[in-house]
Amino acid sequence: MTLHPLLEPGWQLAVLPELILSGGGMLLILFDAFLPRAKSALAPLALIVFIATTWSERLFVQGGTYFGGTYEISPITMIFDLTFLLAGMLALLFARDYLDREGIEGGEFYALLMWGTVGMMMMAKGLDLLLIILGLEILSICIFVLVGYHRRMPVSNEASLKYFLMGAFATGFILYGTALFYGATESTNINTMARWFATTTQTTPLLTIAFVLLMSGFGFKLALAPFHPWAPDVYQGAPTPVAGWLSVAPKAATLIALVRLFNAMGPVLPKVSWMNMVATLAILSMIVGNSVAIVQRDLKRMLAYSGIAHVGYMMIAMLTVREESVAAVAVYTIVYALMNIGAFGVVSLLMKNENDPHTLDDIAGLGFRRKFFGFALALCMFSLSGLPPTAGFISKFFIFKTAIESGHTTVALIGILTSIVSVYYYLRVVYFLYMKEPAEGYEISSAGGVFAVGALTIAVAGILAIGLYPTPLFQAAGNAARALLQQ
Amino acid sequence: MPILSTLIWAPVAAAIVLAFFPNRAQTAIKGWGLFVSTAVFIISLGLLRGWDDGRAGFQFTEDKPWIADWGIHYSLGIDGISVWLVLLTTLLTPIIFLAGWNAIHKHPKEYVIAFLIMETAMIGAFVAIDLILFYIFFELMLLPMYLVIGVWGGARRIYAAIKFFLFTIAGSLLMLLAIIYLGFVAYHQLGEPSFNILDLYGTQLTPRVQALLFFAFSLAFAIKVPLFPLHTWLPDAHVEAPTGGSIILAGVMLKMGTYGFLRFVLPFFPQSSERWATLLITLSVIGIIYGALVAWVQPDMKKLVAYSSVSHLGFCVLGIFAMTQTSIEGSILQMVNHGLSTGALFLLVGVIYERRHTRLLADYGGIGKTMPVYATFFIIAVLSSVGLPGLNGFVGEFLILAGTFKTHPTAAIIAATGVILAAIYLLWLVQKVFFGPITNEENRHIPDIAWNEIAAMIPLVVLMVWIGVHPTTFLRKMEPSVQHLMTQIGAEPGGKMMVAQGGSQAHRRIGSQDRPTTVCEPMSPCASEPRSGGAQ
């Protein structure tokens, strides 16, 4: 019953999560179009689609490659799929109350979230640079629209346009780099490229240019310094739950694609100075992100700069692609999803409207008034700054441990020193929450229903559970990384 | 549940339960805090009942894999070095609840929760024998203390809280890197990952690596102690913290630094410790004198006590790096003493601040007439802090100085002037506040110390006298462990300490066995009688 030589048997199951999400998104749009009054049913339906997708991931106990060796299902793709789904679900739950408050709820919002997730899944599973780019583009288009989703707000539109123009440019870099890689290695398939790199002993200027172009493009998507200046503006303008999602999920997808690429280049990397380039990007990101975040008064901009720094930490682990380092990246992205989307989520819930900047003064004294939200935000801040007993500590510890074992002690030292700086601005949020009196005439935001509380409970429980007992997650990530690198 | 785990987890479990108390039930909230912490103290007394006096190693040990892939275990154990510090922690926590019964009006629930979490962290740090576990508890105690200073503190509380946090975290994050590196080196030598300190003790390090790691660890602990010139956060934190926060900070948290030197720095890096001992001794002697001189000129009572802490903890570090059995035992005892006497002083300063809302010496005078009971307690605490023979402070300082004199006589002589200075500034304080005519009319009718404050002071005074009169009770338990520590650092190749101390292992053991009689009963012969292997 083979339809086409490239369609191996079982391919339907292989893309089942993607199919459910794509179809679910379309149904949601239709649902909203035909039953415009039943908006309150949209979020539960979307949640059901996400849960169904998560369940469908279970069907794959053993992996394989599909579509002519371009699509891989393996433990590592499963872990990243689950990260994307987790990020999507958290964003969805936070968005529900937020959209309701702003009066802009619509089926297409959830649909775009799902399709963006499909794009990321393709990036994580793609074994071919072209497929990765395809996934990236699906994701990017969804992001353009989601960032500008708050149509009546000029900042939102501005952010969308900014991201669109610069994102298009970055995609151009990636495409051009891919073309040059194809010219040099005669393939865009990562496994074929790996075989080519295994036989080569030296690099050509062509390859170096290709690498630089790719790193610039991916660096943009990751918001690595010096490709970061879009991030604060876009996060500030985007609807807050979207900003949280945007700061986590696309980065995770880009990182797994980079892991594959670096792994393919493995034999060449020690001989060339490419990794010094990556290390420079990591160091710059940690320094720029952490030091500029100090002077931010707007919470969303502060979290944007902190995100730049966090990608810097993740890049430390990427400097040597080993089993531990891949596992460290996988763990870090999951933890980062919990704490960063959680932090953005609370910000979206505590603010009374979206038009004004989200300044620190707005959360003054809220810690004792809205106790659970205050506690959750404080916990996210402690976790982001890497203090025990939170998941943030464990994952940062993993990164630094990997770095030292790979011999990158200097980079790890810079990472530690910049974390000391970061403690200051994360703690300042706690200071405003608990140690300041609320401003005169402050009114508490009306948002924050059962969905938001549920999402925050997931985030808080996850941060504490991983922080206190990380072993199961570490083992899963370790096994997945081993499987990835043994190919 | 094993005793150490109970001690660690009972407070935090009680804090979780407390989170569900209604906010208005203030008496129930405070009562719960007092009840739980008292229960924890009573449980912790069980450590003494089951104590094996002859054992040098860890007792009451527990071990469960936690992050097994990395060799990180939930390993607990307690020995003669940590046992008194744990008991000090469990004793001081109910005392702050008792003393602060009427003092805390703002968010009492969160206040009690913060202190219970702190108790968990402090006990955990003292009994963890896995380096990562220690680190986690070591950092965990920062967060509640940050909130305690920042939420319940004085006028400049924010500045003080952030300064406290940043100073401490800067040191401890560098130590984290050093811990990871140490674990990495040990992994290669052991063949399997482990962060258990017993495994790590034997790690062979090249001199350069050892020096780097030594400085990373020492920086973290020196900030915590705090050692001159890293002490600047301490006066701010103490002055701004509420009374309970000051008591815990001075009583227990600062001891994390000195404990860290004893437990980790000396045995992990014996050669570096020996090589840089002079530096640390110099800094601690400067701290002793400098802290005393600055305390002398303070117009604020709390600041005066805070600077006296800098001075007194200088003695502890001095005793540690003098590296003789006497001085180290003195140092551990002095940690406990300082917790008792400075804790009592902070408590008493808090009592009067509650009544008069000023801590300036100039606002007082002659209140010994209006508050006789209060004055009595205050003077006992001051005399204990000064080092009056018969009270605890004398024994600790005497042991430290006697031990230090053998290896670093100059340092001992200079440090001894610190004792004189302490007498000057503390008695000066007493004279100004309590004696003479009543200069300020407002002081004529201050209510005397209340029942709950008396109840909080009594155990402290009892212990001050007990340690002062019969220190053997306390020294006996720590002796085998300190001996063991001396073996660890003395037996290393190239260790000059053995020669400098003029004794082999056998000598030292003989010397220390008859030590209790030498030290405790007759005070004078100790100085003239060289103890550990005086034959050379």
Practice prompt. Please list, in chain and number order, the residues 5+ apart from A:Thr359 or on another chain whose amide H is under 5 Å from its amide H, with Hs placed from the backbone.
Written response: A:Leu299
Fill in: Inter-label distance, nm, simple model (7 Å from Cα along the C-beta direction), B:Trp451/A:Val295
6.0
Worksheet item: Order of A:Ser156, B:Ser311 from fewest to most other C-beta atoms within 10 Å?
Response: A:Ser156, B:Ser311
Practice prompt. Over the whole of B:278-287, what's the average partner chain Cβ count within 10 Å per residue? Rounded to a whole number, please.
Written response: 0
Worksheet item: A:Asn276 label point, 7 Å along Cα→Cβ, cut-off 19 Å on backbone N: hits in segment A:298-338?
Response: A:316, A:318-321
Worksheet entry | Structure-based [θ]222 nm, chain A - -39500 (n - 2.57) summed over DSSP H runs of at least 4, per residue, nearest 500 | -24500 deg cm²/dmol
Worksheet item: To two decimal places, what compactness ratio does the protein assembly as shown give when its Cα radius of gyration is scaled by 2.2 N^0.38 Å?
Response: 1.02
Fill in: ³J(HN,Hα), Karplus 6.51/-1.76/1.60, whole Hz, each residue of segment B:242-249, x for Gly, Pro
x, 3, x, x, 5, 5, 5, 4
Item to complete: Quick one: give the max-minus-min coordinate of the C-alpha atoms of segment A:93-220 along each principal axis, largest first, in Å.
Response: 60, 26, 16
Item to complete: From other protein chains only, count the Cβ atoms within 10 Å of every residue's Cβ in B:161-169, then give the mean.
Response: 3
Worksheet item: Hey, how many Å between the Cα centroid of segment B:433-478 and the Cα centroid of segment B:42-113?
Response: 25
Fill in: Two-decimal ratio, segment B:181-299, of alpha-carbon radius of gyration to 2.2 N^0.38 Å
1.26
Worksheet entry | Test item: A:399-412 mean partner chain Cβ contacts at 10 Å | 3
Practice prompt. Using a 10 Å cut-off on Cβ atoms, rank the peptides A:107-115, B:353-361 from the highest mean neighbour count down.
Written response: A:107-115, B:353-361
Fill in: Crossing angle, helix A:391-405 versus chain A [Cα axis fit, 0-90 degrees, rounded to tens]
30
Worksheet item: Sorting A:Glu437, B:Glu479, B:Glu119, B:Glu62 on the 10 Å Cβ count, fewest up front, what's the list?
Response: A:Glu437, B:Glu62, B:Glu479, B:Glu119
Discussion item. What number results when the radius of gyration of segment B:3-523, computed over Cα atoms, is divided by 2.2 N^0.38 Å?
Written reply: 0.93
Worksheet item: How big is the shadow of the Cα convex hull of chain A, averaged over all directions, in nm²?
Response: 21.7
Worksheet item: Given H placed 1.01 Å from N in the peptide plane, which residues other than close sequence neighbours of B:Ser75 have an amide H under 5 Å from its amide H?
Response: B:Lys64, B:Ile129, B:Asp130
Worksheet item: Using θ = phi - 60° and the Karplus curve 6.51 cos²θ - 1.76 cosθ + 1.60, what whole-Hz ³J(HN,Hα) does each residue of segment A:231-246 get, with Gly and Pro shown as x?
Response: 4, x, 5, 5, 4, 5, x, 5, x, 4, x, 5, 4, x, 5, 5
Response to the item:
Residues meeting the amide H criterion for B:Gln59 (H placed from the backbone, H to H distance under 5 Å, 5 or more places apart or on another chain) are B:Ile78, B:Asp79
Worksheet item: Roughly how tilted is helix B:83-99, in degrees to the nearest 10 and between 0 and 90, from the longest Cα axis of chain B?
Response: 10
Worksheet, complete the sentence: Cβ density ranking, 10 Å radius, fewest first, applied to A:Cys380, A:Cys142 yields A:Cys142, A:Cys380
Item to complete: Please give the helix A:371-384 orientation as an angle from the longest Cα principal axis of chain A, in degrees from 0 to 90, rounded to the nearest 10.
Response: 30
Item to complete: Could you sort B:395-405, B:363-373 so that the peptide with the highest average Cβ count within 10 Å comes first and the rest follow in order?
Response: B:395-405, B:363-373
Worksheet entry | Anchor A:Lys251: aspartates and glutamates whose Cα lies under 18 Å away (excluding residues fewer than 8 positions away in-chain) | A:Asp81, A:Glu137, A:Asp233
Fill in: Expected 222 nm ellipticity per residue - DSSP helices of 4 or more, -39500 (n - 2.57), all of chain B, to 500
-23000 deg cm²/dmol
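Read-outs: derived from the displayed coordinates by stated rules, not from any lab. Only a predicted model underlies this, so the values are computations on that prediction, with no experimental measurement involved. Positions of Cβ are generated from backbone atoms using ideal geometry, with glycine treated the same way; all protein chains shown enter the neighbour counts.
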